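Peer 1: There's a structure below that I have some questions on.
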Amino acid sequence: MSGGVRQLRGGTRSALSLNAALVYLFFYAPILLLIFYSFSDDDLVGRWGGFTLDWYRAFGRNDEVQSALSVSIRVALISTVVSVVLGTMAALALERYRFRGNRIFDALLYLPVIVPDVTMAVMMLLFFTWSIDVVNTSFGLSLGKGISTVALSHIAFSISFVSIVVRARLAGMTQTLEEAAQDLYASQWQAFRHVTLPLIMPGVIGGGLLALTLSLDDVVITQFAAGPGSTTLPVYVFGLIRRGVSPLINAVSVVMLAASVLLVLLSLLAQRARGGSVT
Amino acid sequence: MTAAVEIRGVTKRFDDVVAVDSVDLEIADGEFFALLGPSGCGKTTTLRMIAGLEFPTEGSIRIFGEEVGTLPPNKRPVNTVFQNYALFPHMSVLDNVSFGLRMKKVDKTDARAKSMKMIDLVQLGGMEGRKPSQLSGGQQQRVALARALVNEPKVLLLDEPLGALDLKLRQEMQTELKSLQRELGVSFVFVTHDQEEAMAMSDRIAVMHDGQLLQVGSPEEIYERPTNRFVADFIGQTNLIDATVEDDDHIILTNGTRLRAPSPHEPGTSVAMSLRPEAISIGPRGSVPDEHSATSLEGAVASVTYLGHAVDYSVKIGWIDLEVRGGATAGGQRFEAGDEVSVWWDRTSDWVVAD
Ligand SMILES: Nc1ncnc2c1ncn2[C@@H]1O[C@H](COP(=O)(O)OP(=O)(O)OP(=O)(O)O)[C@@H](O)[C@H]1O
Ligand SMILES: [Mg+2]
């Protein structure tokens, strides 16, 4: 295999490396630019006025940013925990039990992955408006959209991702292991707790980090599901851009980028850590 | 004495597949019992029903007198050595072996001591800290064995435990398993599709085919007195000659030849006569001793295969080819292809089997 790579002729080779260089430039130049100007001491985005940490300080002091950050974190934590539990349970049910309609559930589970964000967002908006209306009129309440509707919408799309990741892990693990545990006096719960769960844990953690990242990054669906007081950080940044850009956006974006990269790295590590064969 | 395992009229259906078909079976306490049969005949399914990993569609299973029909596996006094060992990959050898004791809430130090003793018994002392992936196939096999035996099951179920080992290791493990079983006095139910393995190890063998139990008996009985064509053919090498029963001491071959052969079947039944190659004597045409005149046939040598310790002849007798095994010793006469010969056998070495 490696021989084939080495034997590429000179012209092809330099063309390929040029292409690679361009692709990487295209990917990373904007990121570098963003990071660079987030340290610029100038009120205009994209003009260098000397080094400063002022924008990061402003990020720390700005109440709106702070409240958006706290909403983001709360929504992300709630939706991650709930979707990890439900997604893992769905994966177990679909992978380990045969029941009527198994195949249909299987297909339906992938739907949120395929449905465009905007469609999903409109569906959520319609659903929440309609169901809040029903609840309010029948119980005489005055509920509105808020953090819980945002969390619910995030749970709705995260479950799919979690269960897809967990299922991949389960599929590589023979059911005989669970049978062996039961043969050795473990109840169904003990077999799950001592054998299945530890073996699918990398998948569960990976799925959880994926859910966390998706929740922290989402704009479109959140915008439709959010109500007053439930603006998340990405949605806030979006709003900020519309009102006119300030270098504060750069700082906020860099922080979000750093958090996302960290989460992705953690998820890769989790997949690696116990990545040994499970068959 | 109550049987260790008693299976009565057990049938198992998977949708439209009948995996096990009204099986009756008793396995005695302390017995080394083999379930033998070709692939897909229902051996594993039978074993899994004893373990509780599968429930019978019909019938009853008792373990030492107690009905276990739908009891879950963790409530049964049996343990299983799985076909591919099914060791827990995330646990050390010690944790694997002590798993059953820990689930039964045996005191921690006791569980550890017992497990270490069992690990020593299967000659894995010093490896208790390793993960299964750091062991050879044979060593993993021993861990699986120790993990089951440490719980002192009343019956140990083994599903082709030696299937994944190479020939030499396999033979070593056969001897080891056998002596371990004698030492512990526990009933072993051993699934295999290797008839030599079943012969070498078992007190009794049950031959299965298409979900049905065809014959149960000691290795000698199964080999020398098969009750039907499938068993005769499956166990060892044999010549099967089609015939019809004439009376209780004679059969007629399809070409009209009348031979003496006692059979328990009704006159007119179509049967097959099973003749083991090593039970047939061969000599020059006309040299048949008088007492064998009614148990002999005439033919010509079609081919000769020299095996070192023996010589295999294929003898053409009109419409059939008979495999005959002759001695290769200096005393024994040797024949060439084309030689006119007679073959004969003792009245007690033929065996008439039903179709
Ligand atoms: N869970 C199942 N669902 C459907 N059919 C099954 C199932 N388990 C076994 N069978 C069928 O039942 C029959 C007996 O299978 P079993 O595994 O008991 O055979 P076996 O004698 O152990 O074969 P082998 O030597 O290949 O392991 C086969 O035809 C098999 O396809
Ligand atoms: Mg099998």
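Peer 1: In the stretch B:197-214, what residues are charged (D, E, K, R) and within 14 Å of ligand 1 (Cβ to nearest atom)?
Peer 2: B:Glu197, B:Asp210
Peer 1: Can you spot a residue in the stretch B:76-97 that is open to solvent by less than 40 Å² (accessible area, probe 1.4 Å), of a type in the set (Lys, Arg) and within 16 Å of ligand 1 (Cβ to nearest atom)?
Peer 2: No: zero hits.
Residue-by-condition table, conditions (1) over 27 Å from A:Ser215 (Cβ atoms); (2) at pLDDT 90 or above:
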{"site": "A:Gly4", "(1), (2)": "yes, no"}
{"site": "A:Phe27", "(1), (2)": "no, no"}
{"site": "A:Leu44", "(1), (2)": "yes, no"}
{"site": "A:Thr52", "(1), (2)": "yes, no"}
{"site": "A:Arg61", "(1), (2)": "no, no"}
{"site": "A:Ala76", "(1), (2)": "no, yes"}
{"site": "A:Ser79", "(1), (2)": "no, yes"}
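Peer 1: Let me ask you something else. Which residues, taken from the stretch B:1-22, are crowded, with 22+ Cβ neighbours inside 10 Å and either among the small types (Gly, Ala, Ser) or within 16 Å of ligand 2 (Cβ to nearest atom) (or both)?
Peer 2: Passing the criteria: B:Ala4, B:Lys12, B:Val20.
Peer 1: For the stretch B:84-99, give me each residue that is more than 9 Å from chain A (Cβ to nearest Cβ) and of a type in the set (A, V, I, L, M, F, W, C).
Peer 2: Within the stretch B:84-99, B:Val93, B:Leu94, B:Val97 qualify.
Peer 1: Which one is nearest to B:Leu101 (Cα to Cα) among residues in the stretch A:195-207 that are open to solvent by less than 10 Å² (accessible area, probe 1.4 Å) and away from chain B (no Cβ under 11 Å)?
Peer 2: The extreme case among them is A:Gly203.
Peer 1: Among the candidates A:Val122, A:Val162, single out the residue that is away from every other protein chain (no Cβ under 14 Å), closer than 25 Å to A:Phe105 by Cβ, assigned to a helix (DSSP H, G or I) and open to solvent by less than 60 Å² (accessible area, probe 1.4 Å).
Peer 2: A:Val162
Peer 1: Determine whether B:Gln140 is open to solvent by 20 Å² or more (accessible area, probe 1.4 Å), in the same structural domain as B:Thr44 (by TED's automatic domain parsing) and not small (Gly, Ala, Ser).
Peer 2: Spelling it out, B:Gln140 is indeed open to solvent by 20 Å² or more (accessible area, probe 1.4 Å), in the same structural domain as B:Thr44 (by TED's automatic domain parsing) and not small (Gly, Ala, Ser).
Peer 1: Do you know which residues across the stretch A:207-238 are in contact with an Asp or Glu (Cβ under 9 Å, 6 or more places away or on another chain) and over 15 Å from A:Ser83 (Cβ atoms)?
Peer 2: Passing the criteria: A:Val219, A:Val220, A:Thr231, A:Thr232, A:Pro234, A:Val235, A:Tyr236.
Peer 1: In addition: Which of the residues that make up the stretch B:49-75 are within 11 Å of chain A (Cβ to nearest Cβ) and away from ligand 2 (no atom under 16 Å from the Cβ)?
Peer 2: B:Gly52, B:Pro72, B:Pro73, B:Asn74, B:Lys75, listed by residue number.
Peer 1: Let me ask something else. Could you name every one of the helices (runs of 4 or more DSSP H) located completely within the stretch A:176-273 that has at least 2 residues being small (Gly, Ala, Ser)?
Peer 2: Helices (runs of 4 or more DSSP H) meeting the threshold: A:176-183, A:197-217, A:247-273.
Peer 1: Same structure again: Going residue by residue through the stretch B:33-42, is there one that turns out to be open to solvent by 20 Å² or more (accessible area, probe 1.4 Å), in the same structural domain as B:Pro153 (by TED's automatic domain parsing) and either touching an Asp or Glu at 6+ places or on another chain (Cβ under 7 Å) or more than 16 Å from ligand 2 (Cβ to nearest atom) (or both)?
Peer 2: Looking through the stretch B:33-42, none of the residues is open to solvent by 20 Å² or more (accessible area, probe 1.4 Å), in the same structural domain as B:Pro153 (by TED's automatic domain parsing) and either touching an Asp or Glu at 6+ places or on another chain (Cβ under 7 Å) or more than 16 Å from ligand 2 (Cβ to nearest atom) (or both).
Peer 1: Looking at the stretch A:73-118, which of the residues that are basic (Lys, Arg) and farther than 19 Å from A:Thr149 by Cα is most open to solvent (accessible area, probe 1.4 Å)?
Peer 2: Top of the filtered list is A:Arg100.
Peer 1: Right, next: From the list A:Phe192, A:Phe238, which one is in contact with a Leu (Cβ under 9 Å, 6 or more places away or on another chain) and open to solvent by 20 Å² or more (accessible area, probe 1.4 Å)?
Peer 2: Within the list A:Phe192, A:Phe238, the selection yields A:Phe192.
Peer 1: Which condition number in (1) surrounded by fewer than 18 Cβ atoms within 10 Å (Cβ to Cβ); (2) more than 12 Å from chain A (Cβ to nearest Cβ) is the one that B:Lys104 fails?
Peer 2: Among (1) surrounded by fewer than 18 Cβ atoms within 10 Å (Cβ to Cβ); (2) more than 12 Å from chain A (Cβ to nearest Cβ), the lone unmet condition for B:Lys104 is (2).
Per-residue answers, yes or no, for (1) in contact with a Phe, Trp or Tyr (Cβ under 8 Å, 6 or more places away or on another chain); (2) farther than 30 Å from B:Ser136 by Cα:
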site: B:Pro153; (1), (2): no, no
site: B:Glu176; (1), (2): no, no
site: B:Ala198; (1), (2): yes, no
site: B:Arg204; (1), (2): yes, yes
site: B:Val216; (1), (2): no, yes
site: B:Asn255; (1), (2): yes, yes
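Peer 1: For A:Leu170, state whether it is free of Cβ contacts under 8 Å to residues at least 60 places away in the same chain and in a helix (DSSP H, G or I).
Peer 2: Criteria not met by A:Leu170.
Peer 1: Which of the residues belonging to the stretch A:131-147 are open to solvent by less than 70 Å² (accessible area, probe 1.4 Å) and not in a helix (DSSP H, G or I)?
Peer 2: A:Gly140, A:Gly144, A:Lys145, A:Gly146
Peer 1: Please state which of the following conditions B:Ala279 fails to meet, knowing it meets all the rest: (1) over 25 Å from the mean Cα position of the chain (by Cα); (2) at pLDDT below 90; (3) farther than 17 Å from B:Asp242 by Cα.
Peer 2: If we test B:Ala279 against (1) over 25 Å from the mean Cα position of the chain (by Cα); (2) at pLDDT below 90; (3) farther than 17 Å from B:Asp242 by Cα, just (1) comes out false.
The values are calculated or read from the model by the stated rules, or taken from the named source; none is laboratory data. Since this is a predicted model, take the numbers as computed values, not measurements. Cβ: placed from backbone, ideal geometry, glycine included. Neighbour counts: every protein chain shown. The protein model used for the area step is the full one, side chains on, heavy atoms only, and it has no ligands, DNA or RNA in it. Shrake-Rupley method; radii C 1.70, N 1.55, O 1.52, S 1.80 Å.
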